Amino acid sequence: MASFTIHTDHLVYAVPDLAAAVERIAADWGVRPAIGGQHPNGTHNALLALGPHTYLEIIAPDPSQPEPRLGRNFGIDQRPGETRLVTWAAATSDLDATQAQALAQGYNAGDVMDGSRLRPDGVKIEWRSTRLVGWPPAGDGLVPFLIEWGASTPHPATTSPSGCTLVSLRAQHPEPMPIRSMLDALGLHMPVEVGREPALFALIDTPNGQKQLA
């Protein structure tokens, strides 16, 4: 029996221009995402709570930073100019145990790395997460990376603008069975249907009605 808990932590929504995306979502959804901060690999983000333990991360190239030598995360440089839901993260109460369970069932969730960033108010937030190697990674972005937040770090969902709720998350893939097996190894269950290409679909309740991100 698992000695940890695991749940949807955040959705990663890649956009070419962060400020424009914030304005668009604020107008369409009725809630304005808050600027989150910069990442050292050439990106910056804005955040919006989707529940008490879940949030939306809007991520984009940061024009104030130099081009990163190894490229930006989530395949942003491979598909420039696109707006799409690229992947998601699952929060676990014990990253090492979750990783070990998945490996025992034949799925390597990836190496663990430390992460941190400064919020605009100067507060440092820290986490440990698995690394999605290459892009597309195993699972084509439909299988989440794992994250364990630092004990003293306030969860971003508790400090981001509220008013929206994640209703459902589903996926499509030309070969859904391997995706389902990877999710099962992590103790996660998400509908994965047959589709022409890998894609994620999130249904979100907003003050302006239900909206779909894809």
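Take the chain, connect every pair of alpha-carbon atoms lying under 10 Å apart with a spring to form a Gaussian network, then pick out the residue of Ala138, Ala100, Ala21 with the largest mean-square fluctuation.
Result for the chain, Cα springs under 10 Å: Ala100 fluctuates most.
Taking 0.36 nm per residue of separation and subtracting the Cα-Cα distance, what length does fully extending Arg170 through Asn41 add?
43.6 nm
What is the gain in length, in nm to one decimal, between Ser93 and Ala151 on full extension, counting 0.36 nm per residue of separation less the C-alpha to C-alpha distance?
Separation in residues times 0.36 nm, less the Cα-Cα distance, equals 19.9 nm.
How would the stretch 50-140 be classified by its alpha-carbon gyration tensor: rounded, prolate or oblate, with rounded meaning a/c under 1.5 and the a/b versus b/c comparison settling the rest?
It comes out oblate by the Cα gyration axes.
So which helices of the chain fit the span-like rule, where a helix is a whole DSSP H run, its Cα atoms reach 15 Å or more along the axis, and its mean Kyte-Doolittle is at least -0.5?
For the chain, where a helix must reach 15 Å along its axis and average at least -0.5, the hits are 18-29, 176-186.
Once you put a point 7 Å from the Cα of Glu126 and another 7 Å from the Cα of Arg84, both along the Cβ direction, what distance in nm separates them?
Result for the modelled spin labels: 3.6 nm.
Can you tally the net charge around Pro176? Count Lys and Arg as +1, Asp and Glu as -1, for every other residue whose Cβ sits under 15 Å from the Cβ of Pro176.
In short, -2.
How are the Cα pair distances of the stretch 6-162 distributed, in percent, across 10 Å bins from 0?
Reading upward from the zero bin: 11, 40, 38, 11, 1.
Remind me, relative contact order of the chain in percent, using alpha carbon pairs under 8 angstrom and six or more residues apart?
About 24 percent, as a whole number.
For the peptides 30-39, 186-195, what is the packing order when you average, over each peptide's residues, the other Cβ atoms within 10 Å and list the highest mean first?
30-39, 186-195
Given the chain, what percent of its DSSP beta bridges are antiparallel, to the nearest 5?
Roughly 80 percent of the DSSP beta bridges within the chain come out antiparallel.
Based solely on its DSSP helices, what 222 nm [θ] is calculated for the chain when runs of n ≥ 4 H residues each add -39,500 (n - 2.57) and the sum is averaged over all residues, nearest 500 deg cm²/dmol?
After summing the helix terms and dividing by the residues of the chain, the value is -5000 deg cm²/dmol.
Take each of the peptides 108-117, 40-49, average the number of other beta-carbon atoms within 10 Å over its residues, and list them starting from the highest.
Ranking, from highest mean packing down: 40-49, 108-117.
Read the figures in this text as sums done on the coordinates, not as results from a lab. Model, not experiment: these values are computed from the prediction. Every residue, glycine as well, gets a Cβ built from its backbone with ideal geometry; the counts of neighbours run over all protein chains shown.
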